[in-house]
Amino acid sequence: MQATDNAYESFFTRYAILCKLAANKDREVEKITHWHLVEIITLLKDRELTRERVAARVTQNPVIANSESLARTLVDLAAGLWLMLSISNYPGDISYDEPILWRDHETLAFRNEGPINKNFSHIYNSTDVVKLPQAFTAAHLEQIGGIKVIWTSNLADHLLLKDDDTKLMLFHQVSILQLHKKSPTTLLPKALVDETIRSISLLIPPVLGEPNAWFQQQRKKNLIDTQAGVCDRLNSSERQIEKFMYWRDRLVLLKRTFDDAEPRNISQLWWDDRKKTQWFTFWVAVLVFVMTVFENCDGHSFVNNNFPQFSPCEKR
């Protein structure tokens, strides 16, 4: 990947949002420093510690003042910042779209009964074999399918369809994923990290190593990680659905939704070249019709007894 300026700007924006949400739960969060969170993340790297045990150690810090409630809030905040997840201990927490529920007796380590594995299992349900052609991109999802892309910093939201399949959640914090890819202590499976980056490249293919035009327009309107637009471009073999495990079910559903989408306006008709022969035939017919109309606008009237005799180009 190419180096870019302000690579972590979008991450620190998320940082501020999560801190604000945590402060809404416990006002005491406002007295916590960055170093307190770094220390908690160090504890979280111990794969054997449960949420309860991590919180117990955090309460030993004099600034926390033996507040178990504050300690648990900080543990969830630190874990969410580190793993790019929205973590909560409360079912139905309205603070997040797709919260990862982390119980007191659970560890964060990627295990069969752990909270991460429950949300990111490599065992998929769909057996459908779908093709993921070069035209299967986020740009075409919007331009043809009318599916609006909503950028997210919560990994659990990635590739989710919402609002009656009219919105697609797309994770963009690739700079952070790259750090996890290099880290020997991350709790995210390396295969999950790698596949997430490839799924982003699938939908946002770069052009000659640079962000494509659609992504550049998105950057003007949204604070998103520039690295999401310069992931290594996938070849035809890498675009096979069989190469995806963690995100296969969501990709299959997204592709089916895209295939079933019918153009609803002229703009979508113009971009919809999924069936190139039909697209070509339709627009040739439109061109012939337009040319015919203009040929009749040279001062001659339409000859039709059922219509008034006037030129179609005459000012009335």
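Any read-out appearing in this document is the output of simple, stated calculations on the displayed coordinates, not a laboratory observation. Note that the coordinates shown come from a computational prediction; the quantities given were computed from them, not determined experimentally. Cβ: placed from backbone, ideal geometry, glycine included. Neighbour counts: every protein chain shown.
Tell me, in nm to one decimal, what length is gained between Asn117 and Thr257 on full extension, where the rule is 0.36 nm per residue of separation less the Cα-Cα distance? Could you put the intermediate results ahead of the total?
On the way: separation 140, 0.36 × 140 = 50.40 nm, distance 2.65 nm.
The span from Asn117 to Thr257 would gain 47.8 nm if fully extended.
According to a simple spin-label model (label point 7 Å from Cα along Cα-to-Cβ), what is the distance in nm between Glu238 and Thr50?
With each label placed 7 Å out from Cα toward Cβ, I get 4.2 nm.
Which value in nm describes the separation of the simple spin-label points at Lys220 and Asp194, placed 7 Å from the Cα toward the beta carbon?
Going by the 7 Å Cα→Cβ label model, 3.8 nm.
Between their Cα atoms, which of Lys182/Lys220; Lys167/Lys220; Lys45/Lys220; Lys25/Lys220 are more than 26 Å away from each other?
Details: Lys182/Lys220 30 Å; Lys167/Lys220 19 Å; Lys45/Lys220 37 Å; Lys25/Lys220 33 Å.
Check vs 26 Å cut-off fails for Lys182/Lys220; Lys45/Lys220; Lys25/Lys220.
Hey, if you drop one equal point scatterer on each alpha-carbon of region 104-165 and run the Debye formula without solvent, what base-10 log of I(q)/I(0) do you get at q = 0.16, 0.19, 0.29 Å⁻¹?
-0.78, -0.96, -1.22
Thr152's amide H: which non-local residues (gap 5+, or another chain) put their own amide H closer than 5 Å, with H modeled 1.01 Å from N in plane and none for Pro or chain starts?
Under 5 Å from the amide H of Thr152: Leu170, Phe171, His172.
For region 162-171, just list the computed ³J(HN,Hα) in residue order, Karplus coefficients 6.51, -1.76 and 1.60, θ = phi - 60°, integers in Hz, with x standing in for Gly and Pro.
With coefficients 6.51, -1.76 and 1.60, one gets 9, 6, 6, 6, 9, 9, 10, 7, 10, 6 Hz.
Can you sort Thr107, Thr127, Thr13 by how many other beta carbons sit within 10 Å, fewest first?
Fewest-to-most ranking of Thr107, Thr127, Thr13: Thr127, Thr13, Thr107.
Report the extension gain between Thr166 and Ile17 in nm, rounded to one decimal, defined as 0.36 nm multiplied by the number of residues separating them, less their alpha carbon distance. Present the calculation step by step, with values, prior to reporting the outcome.
On the way: separation 149, 0.36 × 149 = 53.64 nm, distance 2.55 nm.
Length gained between Thr166 and Ile17: 51.1 nm.
Provide the FRET efficiency to the nearest 0.05 for the Lys181-Gln134 pair, computing r from the beta carbons and using R0 = 35 Å.
0.90
Using the Karplus equation 6.51 cos²θ - 1.76 cosθ + 1.60 (θ = phi - 60°), what ³J(HN,Hα) coupling, rounded to whole Hz, does each residue of region 192-207 give in order, writing x for Gly and Pro?
3J(HN,Hα) across region 192-207, in whole Hz: 5, 4, 5, 5, 5, 4, 5, 5, 5, 5, 4, 8, 10, x, x, 10.
Over region 95-238, one equal point on each Cα, no solvent: what is log10 I(q)/I(0) by the Debye formula at q = 0.12, 0.13, 0.17 Å⁻¹?
Computed log10 I(q)/I(0) values: -0.54, -0.64, -1.09.
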